[in-house]
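One structure is given below, encoded as structure tokens.
The numbers here are math on the coordinates, done by the rules we state, and not lab data. Since the model is a prediction, treat every value here as computed from it, not as a measurement. Every residue, glycine among them, receives a Cβ derived from its backbone with ideal geometry; neighbour counts consider all protein chains shown.
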Amino acid sequence: MIVCKTKQELKQALASRNAQETIGFVPTMGALHEGHASLFKRARAENDVFVASVFVNPIQFNNPEDLKNYPRDFEADRKLLEENGCDIVFAPSVEEMYPEGEPLKSYSFGALETVMEGAQRPGHFKGVGVVVGLLFELVRPDRAYFGEKDFQQVAVIQDLVRQMGIKTRIVPCPIKRGEDGLALSSRNALLTPENRALAPKIHAALKKSSEMANRSCREVKEFVCGQIAAVPEMKLEYFEIARPDTLQTVPDEAPAQGNVGFIVVWMGKVRLIDNIRY
Ligand code: PAF
């Protein structure tokens, strides 16, 4: 595996491959876990060259505390990437990624960036758009793999590719869960043992609510909100039922069926995100 710290090194590594070979790309912020590994396995299996990036992107964090606490362990990341057959990893510094004085190409995602995560984390998707746009320009992947845990991010990236006019195919990958149902996330490592033991109740509530898909969104919301409220260690930030394509909220009277339930729960200082299809 070639480790590239600079854009120049990455360009050289990519130039040394055969131009006919397909490139599969997985952008990450490191602190890699089995959820990432499921994307790596697909990128490895479906392409000639598998490229990953490890970069904690400061401009997508609207909370400085969250950025400071974000787990980082490049040696462990390198090992997991190597085990999964990665050919090239790009792991730049912030200064390398965003040289002072160099203008950044920014994108707007309309309604996709103003709801849910966009409303709660102002500027988040602008920051994601900047970094993924830049990475796509550098890597020029045939396919890029993203986890559906960040369902809204996948919709934003699909829109980014349309705006950039590039041929990269976005491959959404199913949420990877622990045996107890908790969606795998780098932030899970920050949970206290007590909260880690309770956290699977989020998915349990969503899963149970999927049995109510033919009921109204109001009823489903009341059920899920009630389940979370029953756990004193959990603080619900939002639970919304929205359309999978536009991400716009479905009216309370409409059935949940065919839509997606999006949830964010705080446990202590850790923000957990999950979703379910109805
Ligand atoms: O999902 C992530 O880890 C990040 O948002 C991404 C896509 C790597 C951009 O920094």
TODO: Report the calculated FRET efficiency for CYS225 and ALA189 (r = Cβ-Cβ distance, R0 = 22 Å), to the nearest 0.05.
DONE: 0.20
Task: Semi-axis lengths, Å, region 1-42, gyration tensor of Cα atoms, sqrt of 5 times eigenvalues - done: 22, 15, 7
Open item on the list: What is the angle, in °, between the Cα long axis of helix 217-229 and the longest principal axis of the Cα atoms in the chain? Nearest 10 is fine, range 0 to 90.
Closed with: 80
TODO: Please report the base-10 log of the normalised intensity I(q)/I(0) for the chain, using a Debye sum with one equal scatterer per alpha carbon and no solvent, at each q in 0.11, 0.14 (1/Å).
DONE: -0.65, -1.04
- [ ] Describe numerically, in nm with one decimal, the distance between label points set 7 Å from Cα along Cα→Cβ at GLU253 and at MET1.
- [x] 5.5
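Extension gain GLU75-ALA119, at 0.36 nm per residue separation less the Cα-Cα distance, in nm?
12.4 nm
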Open item on the list: I'd like the distance between the alpha-carbon centres of region 139-187 and region 26-45, rounded to an integer number of Å.
Closed with: 11
Open item on the list: Students often get this wrong, so check it: of LYS126/LYS167; LYS41/LYS208; LYS79/LYS105; LYS105/LYS221; LYS5/LYS176; LYS11/LYS79, which have C-alpha atoms separated by over 27 Å?
Closed with: LYS41/LYS208; LYS79/LYS105; LYS105/LYS221; LYS5/LYS176
TODO: Determine the percent antiparallel among the DSSP beta bridges restricted to the chain, to the nearest 5.
DONE: 50
- [ ] Mind giving me the nanometre distance, one decimal, between the label points for LYS208 and THR246, set 7 Å out from Cα along Cα→Cβ?
- [x] 3.2
- [ ] With runs of 4+ DSSP H residues as the only contributors, calculate the mean residue ellipticity of the chain at 222 nm using -39,500 (n - 2.57) per run, divided by the residue total and rounded to the nearest 500.
- [x] -11000 deg cm²/dmol
Task: Relative packing of peptides 28-37, 66-75, 170-179 - highest average C-beta neighbours within 10 Å first - done: 28-37, 170-179, 66-75
